[in-house]
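Here is the structure we will look at.
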Amino acid sequence: MLDVDLHFSRGDFQLQVQHRFDPGVTGICGPSGSGKSSLLALIAGLLVPQQGRITFDGRCWVDTARGCFLPPHQRRIGLVFQDGQLFPHLSVHANLHYALRWLPAAQRRVAPDAVIDLLELRPLLQRRPDQLSGGERQRVALGRALLMSPQLLLLDEPLSALDARLKAQILPFLQRVRDQMHLPMLYVSHAPQEIAALTTQVLAIADGRLAPAIAADA
């Protein structure tokens, strides 16, 4: 269970969030500049709030009052961004296995072959990112995130750079991850159809504040 109660400011922008996220897939929608990506960055530990706390299953990730801050690599979070952020000089195989360099063997709970088969990556393993389509690159980025054996998956507009055809191709893979791996996820998107296809609950964010959750199929 992810529990967030924080205040973050940067210039004129203010983000104030108090929410307990239910298990499952939570969609977060809202206009550009509303705070969606900042919220994910705060949860991941890439930004630090001026005030507040974040806990996951009772473990402190951030508590400014107590001086608690768990570094990003110790939070076991999988991150997928809109551009994939693959290493251009490495093959797909090497990009996938790069995640394992920083994960102790005792914490590895996801088998590489299982992820490769789940996302149908085997025909791509020897290619480099510039030899992949946009949808293929996002599947590799998703696979790399899953190989971190995450306890939470954060997806920041992972399909926004793709055209409608490629979005339709990759959405089923995201649904497979949701249905077969049972990971809690936060999914940021501008696209209502993506939110409806993937999420179990939806939060709207505007002017740095979350609105009450609504059902994804409402």
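Here are the numbers for the structure shown:
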item	result
FRET efficiency, 1/(1 + (r/R0)^6) with R0 25 Å, evaluated for Ala111 and Met1 via beta carbons	0.40
Charge tally in the Cβ shell below 13 Å around Asn95, where Lys, Arg are +1 and Asp, Glu are -1, Asn95 excluded	+4
Sorted by Cβ neighbour density within 10 Å, fewest at the top, the residues Arg178, Arg209	Arg209, Arg178
Neighbour-count order for Ile195, Ile43, fewest beta carbons within 10 angstrom listed first	Ile195, Ile43
Prolate/oblate/rounded label for segment 1-104 (Cα gyration tensor, a/c 1.5)	prolate
Sequence-separation-based contact order of the chain, relative, with Cα cut under 8 Å and 6+ spacing, percent	30
Trypsin sites (Lys or Arg not before Pro) lying in DSSP loop within segment 102-144, provided at most 13 other Cβ fall within 10 Å	Arg109
Share of alpha-carbon pairs per 5 Å distance bin for the chain, given as whole %	1, 7, 15, 19, 20, 17, 12, 7, 2, 0, 0
Ranked list, fewest to most other Cβ atoms within 10 Å of each Cβ, for Lys167, Lys36	Lys167, Lys36
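Read-outs: derived from the displayed coordinates by stated rules, not from any lab. Remember, predicted model here, so these are calculated numbers, not experimental data. Reconstructed Cβ throughout: ideal geometry from the backbone, glycine too, with neighbour counts over all protein chains shown.
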